[in-house]
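Visitor: Mind having a look at this structure? Questions to follow.
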Amino acid sequence: TGSSCESWDVKLLQVSTFAVDRGNFKTCDQSAFCKRQRALKPGQSPYRALLETLELSDSRLTLQLINDNNKVHLLLELYRLQGNMTRVKINELKPLRPRFEVPDVLIAEPPTEPLSVLSKDDNGVVLSLGAKNQRLIVSARPFRLDIMQGPEVLLSLNSRGLLAFEHLRLHKDTDKEEDGLWEETFKSHTDTKPNGPTSISLDFSLPGVEHVYGIPEHADDLKLKTTDGGDPYRLYNLDVFQYELYNPMALYGSIPVMLAHNTQRTMGIFWLNAAETWVDISSNTMLDFVQGSSEKPQTDVRWISESGIIDVFIMLGPKPSDVFSQYASLTGTQSFPPLASLGYHQCRWNYNDQEDVKSVDQGFDQHDIPYDFIWLDIEHADGKRYFTWDPHKFPQPKEMLQGLMDKRRKMVAIVDPHIRVDSGYKIHNEITSKDFYVKNKDGRNYEGWCWPGNSGYPDFTKPEMRAWWSSMFAYDQYEGSMENLFTWNDMNEPSVFNGPEVTMHKDALHGKWEHRDIHNIYGLYVQMATAEGQTQRSGGVERPFVLTRAFFAGSQRYGAVWTGDNAAEWDHLKISIPMCLSLGLVGVSFCGADVGGFFKNPSTELLVRWYQTGAYQPFFRAHAHLDTTRREPWLFGPENTALIREVIRQRYALLPYWYQLLYQAHKTGMPVMRPLWVDYPKDTATFTIDDEFLIGSDLLVHPVTEEGSRGVTAYLPGAGEVWYDVHTFQKHNGAQNLYIPVTLSSIPVFQRGGSIIPRKDRVRRSSACMENDPYTLYVALSPKKFAEGELYIDDGHSLNYDTKKEFIHRSLTFANNALTSSNLCPDCNFLTSSWIEKVLILGASKPSKVLLKMDGKETPVDFEFDTSMSVLTLRKPGMNAGADWTLLLQ
């Protein structure tokens, strides 16, 4: 439900003050390994490199490190990876037993390039990283790594001496009984820690860097703050009931990827570890000897994880787009969603029964508001037994789904990963008989309290368990399901109401590994198995749609993410922007927030503003808590219904553009919703902006997120560029702060001069109904009278675009007074019946005539010219959207 709690009966309580109960969640001081590691201060590292152990093969360098304090040997492995990346692995040379290494996140073993030694002496070794004079320097005493380009240090490891590796040991070998080494208690829960202390830490220094981003999920600004004097940013997937804003507390998902950006370069650090992790950030200045003795900024970052090994990928950019493709080459790209899932989603906890679903569905038709998906939360199932339907409220699920299908609409039903312990429940019995449940430390099935009451937790780390789970989505297994039913995985942190910090005990067992080792990938595995099940049920033909609350690096491959249980407050509307921007920077493009706020009741003004904001974010879903008053879009009077209808229609008109951007994200890893600095990397004014954003490169959106606002100031980037207001076609210069007066109907959106955006301007009841509708092209000319864009078309739902190359991909270019459509994929085969019904050219001059050149013929085209706005409208040029053609302005 996106509904969570500390105690089973919390949903019966009316919580009057909106605030997290912080006492349920650990601070660094209450997390023994974080406290121990943080007590270690920067200084001389006890580690040195034993250069005589150096071995170099084609693909990697290995070298032993020794800790001079305890004489424990570590093994360092260095890899130069294709695409300007370096991988650093550090493990114990001879661990008492294997330490966990995260599987299933990398899409393949990353391809390497040869490392060569440039020089070597007693102090260290210098390796070539190939490109552009890049070198990797290994210093021996104390051990440190520096990546350099020419005279410049790009990044240093262990330069502050905070490498710390707690080796596995026998209990009797512990020098002193320190608190929390072999047992730790938080509130009423004891963690037995049978393996003792296993934490790891490493510091990174980034000279010349002031701005770092990423490491979601946190309810905080886009630019990460320094953590001196406070807690580090925490990465530990947790069901945080009523989360607070602007702090580093952990939330539902964790992506251990940080981006560093300055005017010269963008870099990334990917810390591949699925255990509880804390990230400290501090900034200082250093003397810049290259530039004389001026000061230059530096950001220092320290990663601390409870177990596992150090496995870190350093992505060296240098451009933002390079870092996105580097990270995508490691963990994959955003899955390409069905077109319908980019439409509007209507959800609440809960639509009561089939009649309720039918009347809400009819309400959209009565009020001429398009939508694609209606959602069912936990109350739809029979006693919270997932994969079932309540026999009284939903006695005929197929009849309900068929009713939606007849209107070309779809449904999502929730399937959570906690399974009711009940011998009359098929799913529970099968998991029990196959021995697929997570075990507690004594080897019995782990049980915890969640929505159904006493629940078991399937062990999704097991491939056999995931395969079985996938098979449960088959139409003959999931009774009442049809091809227009899709899935929502909630509570998959996993949420355990009576567990420590509302999650699973760390000493629970997944085969031979403890839950502490794998915690942050549990949610990824749930979504992976669910998405796989949806594809399998169609015989491998259809694209899945799965929404998840918990996530990790790589989750982008399996569907969409939302920001969890927010509240109907203005600050929660504001924070949805940096939260989704942060996710986009680290691979998860398909992000959204509950429109209207999950907890509490929004004012009408807040609700309208939230629709206006959500309509311009990738995943667009309204959702609300059980205790809130109903808030379907037509319940707030005709004026507000009209405002909400208008912005949902704007969303549907732009679906061709959204779809093309998701296709690009799927192909390249470029974020869909992105901070301005991604496209304007040298413009320092953009580096901290997170109240406006770009959609692709061509639309800039500055939502109104202040109550009672009369105006907003938007920064339009790009010296020498122009931006057009998409509502009025008014032209504005780039590189300025523009004050925009607003009313309740305003959502400031600008199209970049130099771009072409396809839209479908006819309104239908759902995206599927628009399939064959004609396109309107919005051509926004640059000051040099140039523009370019793309058009992507396929069937909207199958995998044929991938398996059979069934799609249309066109390049649209305006240059030298001619607009041309050319084929970007000559060996693709797909036919569309959509045609181009209109072309608007913004910033145009008046032609004497317009000719359509196609199939060797030239035919005149009707046009109108608005002199006051310099807008040229070409009416019914009539070419097929998949054809080659040129429009000549003479």
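Visitor: Please give the charge dipole size of the chain, origin at the Cα centre, charges +1 on K and R Cβ atoms and -1 on D and E Cβ atoms. Round to the nearest 20 debye.
Guide: 1500
Visitor: Right, here's the next one. Can you give the percent of C-alpha pairs in the stretch 174-317 whose distance is more than 24 Å?
Guide: Of the Cα pairs, 40 percent sit more than 24 Å apart.
Visitor: Over all directions, how big on average is the projection of the convex hull of the alpha-carbon atoms in the stretch 558-627, in square nanometres?
Guide: 4.4
Visitor: Looking at this model, which pairs from Lys410/Lys805; Lys35/Lys506; Lys41/Lys441 are more than 28 angstrom apart at the alpha-carbon?
Guide: Lys41/Lys441
Visitor: Computed from these coordinates, which is semi-axes √(5λ) of the Cα gyration tensor in Å: (1) 51, 31, 25; (2) 45, 36, 25; (3) 121, 45, 30?
Guide: (2)
Visitor: Which percent of the accessible area of the stretch 128-279 is formed by carbon and sulfur heavy atoms (probe 1.4 angstrom)?
Guide: About 48 percent, which is the carbon plus sulfur part of the accessible surface.
Visitor: List, in order, the whole-Hz ³J(HN,Hα) value for each residue of the stretch 675-691 obtained from phi through the Karplus relation with A = 6.51, B = -1.76, C = 1.60 and θ = phi - 60°; use x for Gly and Pro.
Guide: Once θ is set to phi - 60°, the couplings for the stretch 675-691 become x, 4, 5, 4, 9, 10, x, 9, 8, 4, 4, 8, 5, 10, 6, 9, 10 Hz.
Visitor: Take the solvent-accessible surface of the protein heavy atoms, probe 1.4 Å, and return the percent of it on the stretch 660-770 that carbon and sulfur atoms account for.
Guide: Answer for the stretch 660-770 is 46 percent, counting heavy atoms of protein chains only.
Visitor: Cα atoms only: what Rg and Dmax, in Å, come out for the stretch 29-172?
Guide: My reading of the Cα-based Rg and Dmax gives 16.2, 52 Å.
Visitor: Note down the net charge around Arg48, summing +1 for each Lys or Arg and -1 for each Asp or Glu among other residues with Cβ under 14 Å from its Cβ.
Guide: Computed value for this residue: 0.
Visitor: Could I ask something else about it? Principal axis lengths of the stretch 704-855 from Cα atoms, whole Å, largest first?
Guide: 50, 40, 26
Visitor: Let me ask something else. Across the stretch 60-74, in residue order, what do the Karplus-derived ³J(HN,Hα) couplings come to in whole Hz, using 6.51 cos²θ - 1.76 cosθ + 1.60 with θ = phi - 60° and x for Gly and Pro?
Guide: Listing the rounded values in order: 8, 10, 10, 7, 8, 10, 10, 8, 5, 6, 10, 6, 7, 9, 10 Hz.
Visitor: In addition: For the chain, what's the relative contact order in percent, using C-alpha pairs closer than 8 Å and at least 6 residues apart?
Guide: That works out to 10 percent.
Visitor: Just to confirm a number: summing +1 for Lys and Arg and -1 for Asp and Glu over residues other than Tyr611 whose beta-carbon lies under 13 angstrom from that of Tyr611, what do you get?
Guide: +2
Visitor: Compare Asp104, Asp594 by solvent-accessible area with a 1.4 Å probe and give them largest first, with all protein chains kept in place.
Guide: Ranked from most to least accessible, the order is Asp104, Asp594.
Visitor: So which trypsin sites (Lys or Arg not before Pro) in the stretch 465-518 end up in coil per DSSP with only 12 or fewer other C-beta atoms within 10 Å?
Guide: Sparse-neighbourhood loop trypsin sites (Lys or Arg not before Pro): Lys512.
Visitor: All other residues with a Cβ under 11 Å from the Cβ of Tyr425 taken together, and with Lys, Arg as +1 and Asp, Glu as -1, what is their net charge?
Guide: In short, +1.
Visitor: Oh, and also: Amide H neighbours of Glu92 under 5 Å, counting only residues 5+ apart in sequence or on other chains, H built in-plane at 1.01 Å?
Guide: Leu75
Visitor: Filter the GluC sites (Glu not before Pro) in the stretch 163-247 to those in DSSP coil with at most 11 other Cβ atoms within 10 Å of their Cβ, and list the result.
Guide: Glu177, Glu178
Visitor: Additional query: Exactly which trypsin sites (Lys or Arg not before Pro) in the stretch 49-141 are in a DSSP loop and have at most 10 other Cβ atoms within 10 Å?
Guide: Lys71
Visitor: In Å², and per residue, what accessible area does the chain have when probed at 1.4 Å with the other protein chains present?
Guide: 35
Visitor: For the stretch 22-318, taking Cα atoms only, what is the radius of gyration to one decimal and the Dmax to the nearest whole Å?
Guide: 19.1, 58
The values are calculated or read from the model by the stated rules, or taken from the named source; none is laboratory data. Predicted model, so just to flag it, every value in this text is computed and none were measured. Cβ atoms come from the backbone with ideal geometry, glycine included; neighbour counts cover every protein chain shown. Quick note on the areas: whole protein, heavy atoms, side chains included, nothing else; ligands and nucleic acids left out. Shrake-Rupley method; radii C 1.70, N 1.55, O 1.52, S 1.80 Å.
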